[in-house]
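The values are calculated or read from the model by the stated rules, or taken from the named source; none is laboratory data. This is a predicted model, so every value here is computed, not measured. A quick note on method: Cβ atoms are made from the backbone with ideal geometry, for glycine too, and the neighbour counts reach across all protein chains shown. Remember, those area values only see protein heavy atoms, side chains included, never the ligands or the DNA or RNA. Shrake-Rupley method; radii C 1.70, N 1.55, O 1.52, S 1.80 Å.
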Amino acid sequence: MNLSKRVLDSSFSATVGIADKAQIIREQGRAVYDFSAGRAFEPTPAYITRGTIAAINAGDTHQTMARGKTIYRNAIAEKLKRDNKIDADPEKEVIATMGCKQGLTIGLLACINPGDEVIVEDPCFVSYTQTVHYLGGKAVKVPLKAENGFRWTKDDLEKAVTKRTKVIILCSPHNPTGVVHSKKDLQIIADVAIKNNLIVITDEVYERVVWNGHKHTNLATLPGMKDRTITLMSFTKSFSMGGWRVGFIYSSENIIKELEKLQQHLITSVNSFVQIGAAIACGKPQDEVLDYWLEWEKKVFYCTDYIDGIKGLKCHRPEGGFYAWVDISQLGTSSYDFTEQLLEKESVAIVHGSSFGEFGENYVRFTCVKSWDELEEGLKRLKRFAQSH
Ligand code: GLU
């Protein structure tokens with residue numbers, strides 16, 4: 001069979017692939033403790049599901065405008081104003097997407113021609129480099145060094161820019177390291193983008209899950225950045241709505257217009273009633289979800305402190321996000337072997353750091369937002385495994 005080089009040359013997603021593998025093991029009747037993909041244990045809050053079910057029952061089951069339902073876009077504009085101090089025109093500056101991954105795909109499609117270069121963080125979320133590859137671009141990895149607090153220096157970033165560079169992809173709060181970029185960090189990126197006429201695609205899916213008083217800053221609010229930023233947002237993480245596949249993009253009118261063409265041809269529209277759920281999630285967060293966020297902060301710190309106490313492992317408390325980014329360098333094993341053996345010997349699924357990039361090699365990623373029972377058992381098993389090295 002003569003399949004495309006683009007698919008043949010690509011690899012499976014480590015995050016989704018390992019979670020799928022864990023599910024298959026579970027369906028075969030074997031217990032497995034799954035801390036691989038960033039999926040919280042809690043269901044979507046009932047105030048969101050209730051309104052969505054009412055929409056289905058009321059017959060809201062037809063395709064919508066490609067840019068998204070008016071009610072959803074208005075709710076997005078209100079959310080951006082309330083939470084992010086951004087004044088967005090709901091007619092021209094936002095568009096509904098099927099989560100951040102689909103937003104990333106159309107965002108990149110609008111920006112790059114085959115052969116163009118896209119700067120990504122190393123480590124970065126596993127699907128960025130593959131998506132660039134699918135679209136014929138070349139991902140250029142710029143390391144996030146531990147000694148720089150997993151942050152880019154201006155020098156590192158500037159050295160990576162060539163005549164072919166079109167886009168920088170950024171993630172803050174960062175998956176997998178847990179760094180929340182400060183205004184100062186973002187200013188470095190803004191300066192390089194403006195100087196070299198680049199677009200920045202910023203994945204802000206973890207914007208609400210920031211810990212210990214850290215504040216999320218939207219890159220688009222920095223001077224001169226609004227028109228060159230494609231902001232990806234979704235409800236997957238903060239509202240435990242991963243299965244809904246819904247989010248949105250905020251950008252300039254010029255860019256949104258092009259994205260609308262892509263949505264019309266590629267998906268027609270995001271699922272109709274799902275947009276109602278997302279519109280509800282855009283409202284002022286209710287107690288149910290505020291409780292989730294408090295609980296997640298406790299779990300994240302509990303796990304990272306526990307792991308840091310295991311001999312041979314090192315782990316900092318993250319500033320945001322769901323993950324423990326665990327330094328395994330003292331154990332003298334590759335991150336891939338570590339995760340494979342942990343699954344085989346202790347039935348614990350986590351993600352090897354090398355899947356996030358070369359600079360992730362000495363690390364593994366552990367998702368902390370599972371049930372307390374799963375966490376207790378999983379951490380006990382992780383400790384037993386690490387100590388057997
Ligand atoms: N983004 C999440 C993660 O890093 C979910 C998995 C995925 O969609 O790839 O685990």
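Below are the figures for this structure:
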| quantity | calculated |
| --- | --- |
| Accessible area of the chain belonging to carbon and sulfur atoms, whole % at 1.4 Å probe | 51 |
| Under 17 Å from the K184 label point (7 Å along Cα→beta-carbon), backbone N, segment 120-149 | 145-149 |
| Distance between segment 14-29 and segment 45-104 - C-alpha centres, whole angstrom | 31 |
| Amide H partners (placed H, <5 Å) of T97, local residues excluded | G247, F248, I249 |
| For L198, distant residues with modelled amide H under 5 Å away | none |
| Shape of segment 1-80, Cα gyration tensor, a/c cut at 1.5 | oblate |
| For segment 51-180, Kirkwood radius (reciprocal of mean inverse C-alpha pair distance, Å) | 17.2 |
| Accessible surface, 1.4 Å probe, highest first, among residues D291, D122 | D291, D122 |
| Calculated log₁₀ intensity ratio I(q)/I(0) where the Debye formula runs over C-alpha points of segment 152-279, q = 0.12, 0.16, 0.19, 0.22 Å⁻¹ | -0.52, -0.89, -1.16, -1.35 |
| Calculated FRET efficiency for the pair S10/D305, C-beta based, R₀ 41 Å, to 0.05 | 0.65 |
| Rounded Å value of the spacing that divides the Cα centres of segment 137-214 and segment 238-272 | 23 |
| Mean separation of Cα contacts under 8 Å, 6 or more apart, over the residue count of the chain: relative contact order % | 24 |
| Long-range amide H partners of K141 with built H, under 5 Å | V120 |
| Per residue solvent-accessible surface (Å²) - the chain, probe of 1.4 Å | 44 |
| Cleavage-rule hits (trypsin sites (Lys or Arg not before Pro)) in segment 182-275: DSSP loop, at most 16 neighbouring Cβ within 10 angstrom | K215 |
| Gain upon complete extension [I53, N196; 0.36 nm per residue less C-alpha separation] | 46.7 nm |
| Extension gain (nm, one decimal) between E27 and M1, 0.36 nm per residue minus Cα-Cα | 6.2 nm |
| Segment 239-389 - percent relative contact order, Cα under 8 Å, separation 6 or more | 19 |
| Enclosed volume per residue, in Å³, of the convex hull spanned by Cα atoms of segment 234-291 | 93 |
| In segment 1-55, the trypsin sites (Lys or Arg not before Pro) that fall in loop regions by DSSP, at most 12 other Cβ within 10 Å | R30 |
| Under the Karplus curve 6.51 cos²θ - 1.76 cosθ + 1.60, θ = phi - 60°, whole-Hz ³J(HN,Hα) for segment 351-356, x wherever Gly or Pro sits | 10, 6, x, 5, 6, 8 |
| Cα-based Rg / Dmax (Å) for the chain | 20.5, 59 |
| In sequence order, calculated HN-Hα J values of segment 2-7 (Karplus, 6.51, -1.76, 1.60; Hz; x Gly/Pro) | 9, 7, 5, 4, 4, 7 |
| Computed lengthening from T333 to S388, 0.36 nm per intervening residue step minus Cα-Cα distance | 18.6 nm |
| Sparse-neighbour loop sites [GluC sites (Glu not before Pro); segment 1-104; at most 13 other C-beta within 10 Å; DSSP] | E91 |
| Computed accessible area, L294, all protein chains, 1.4 angstrom probe, square angstrom | 110 |
